[in-house]
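The values are calculated or read from the model by the stated rules, or taken from the named source; none is laboratory data. These numbers were taken from a predicted model, which means no experiment stands behind them. Glycine gets a Cβ as well: all are built from the backbone with ideal geometry, and neighbour counts include every protein chain shown. The protein model used for the area step is the full one, side chains on, heavy atoms only, and it has no ligands, DNA or RNA in it. Shrake-Rupley method; radii C 1.70, N 1.55, O 1.52, S 1.80 Å.
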Amino acid sequence: MDCFASSHDELMDIVIGSFPGLPGVTHREVVFVTKLYRQASDWRSGTLEPARARLVSAEPLREQPAFAPDRVDAALLDELTRDGRASWAELGAACGVSPQTARRRVERFLATGYIALRCDTSTSAQQGLREVTLVLNVPAQHVDDVGRYFAALGNCRLSAQVLGAQNLLVTLWVRNYLEVQTYERELSERAPGSTVISRQAVVRTYKRLGHVLDESGCSRKVVPLSLWRNGS
């Protein structure tokens, strides 16, 4: 399970407070992400034609200074969690502001890096791609190079340095599980002494970014992500 929190203390409340009370939980291991080389919002499937890809690759917004989000911002993010493709008019109506205000505030979120755009597809639309995660222990002098190597691969969904018995976690899309051996051979050449702690094949994803998924990977309901408690 991936857990996100606004602070270390809040994360510990989830891991120590909520998890032990769940039925069937007998063990837990917490691994902290300490550095991201690539995350899911950076992944591109490569299925769009170049002309169409340019249409959805908007020019970067002008960088803005940091700010403290308020209740309107929190409401907008709740609505975007439910429907990331909602129009400015729909967002504004749901939050009691004008479409112009909704657009200005969301663009401010994007420009300051509070949120990022991301698109996921159902498993039925992934054309045979399978999700595999490698949990690695890489010598310290090589971990950054290896993390960036995986991040540069077109089929890499996640490359992250972590703190635990392992120090690198990589998620890849593959068409055949045997492809994993190719990446392991490359790893041994780039970083001698590296160890594969585990290999994990994802057979089903139950929830992603608040969306509860069915067996085909389609969103069936949403559990909104409350990014700020009490809108602050």
With every protein chain in place, the chain: carbon and sulfur % of accessible area (1.4 Å): 52 percent
About the Cα centre, charge dipole magnitude for the chain (Lys/Arg +1, Asp/Glu -1 at Cβ), debye: 420 debye
Extension gain from Val31 to Ser87, taking 0.36 nm per residue of separation minus the Cα-Cα distance: 16.4 nm
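Using the per-residue mean of other Cβ atoms lying within 10 Å as a proxy for protection, in what order, highest first, do the peptides 10-22, 175-187, 68-80 fall? Provide the component values of the computation, followed by the final result.
Working: 10-22: 11.5, 175-187: 13.5, 68-80: 17.3.
So the peptides 10-22, 175-187, 68-80, ranked by packing, come out 68-80, 175-187, 10-22.
Grab the DSSP H runs of the chain that are 4 residues or longer, score each as -39,500 (n - 2.57), total them, divide by all residues and round the 222 nm result to the nearest 500 deg cm²/dmol. Don't jump to the answer; show the numbers that get you there.
Values: 7 runs with 67 residues, N = 232.
Calculated at 222 nm, the ellipticity per residue is -8500 deg cm²/dmol.
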Label assignment, mean projected area of the Cα convex hull in nm² derived from the structure, set [x] 14.1; [y] 15.3; [z] 12.0: [y]
Gained length - Asp144 relative to Leu11, 0.36 nm times residue gap less alpha-carbon distance: 45.3 nm
Counted charge near Gly21, where neighbours are those whose Cβ lies closer than 15 Å (Asp, Glu -1; Lys, Arg +1): 0
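With a sphere of radius 11 Å drawn around the Cβ of Tyr37, what net charge do the other residues whose Cβ falls strictly inside it have (Lys, Arg +1; Asp, Glu -1)?
Numbers: positive: Lys35, Arg38, Arg148; negative: Asp42, Asp144, Asp145.
Around Tyr37, the surrounding residues sum to 0.
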From phi via Karplus (6.51, -1.76, 1.60), per-residue ³J(HN,Hα) for segment 99-116 in Hz, x at Gly/Pro: x, 5, 5, 4, 5, 4, 6, 5, 5, 5, 4, 5, 5, 8, x, 5, 9, 9
Accessible area (Å², per residue) of the chain, counting only protein heavy atoms and a probe of 1.4 Å: 66 Å²
Residue-by-residue Karplus 3J(HN,Hα) for segment 81-95, coefficients 6.51, -1.76, 1.60, Hz, glycine and proline x: 4, 6, 8, x, 10, 4, 6, 4, 5, 5, 5, x, 4, 5, 10
Charge dipole (debye, nearest 20) of segment 1-46; +1 at Cβ of Lys and Arg, -1 at Cβ of Asp and Glu: 260 debye
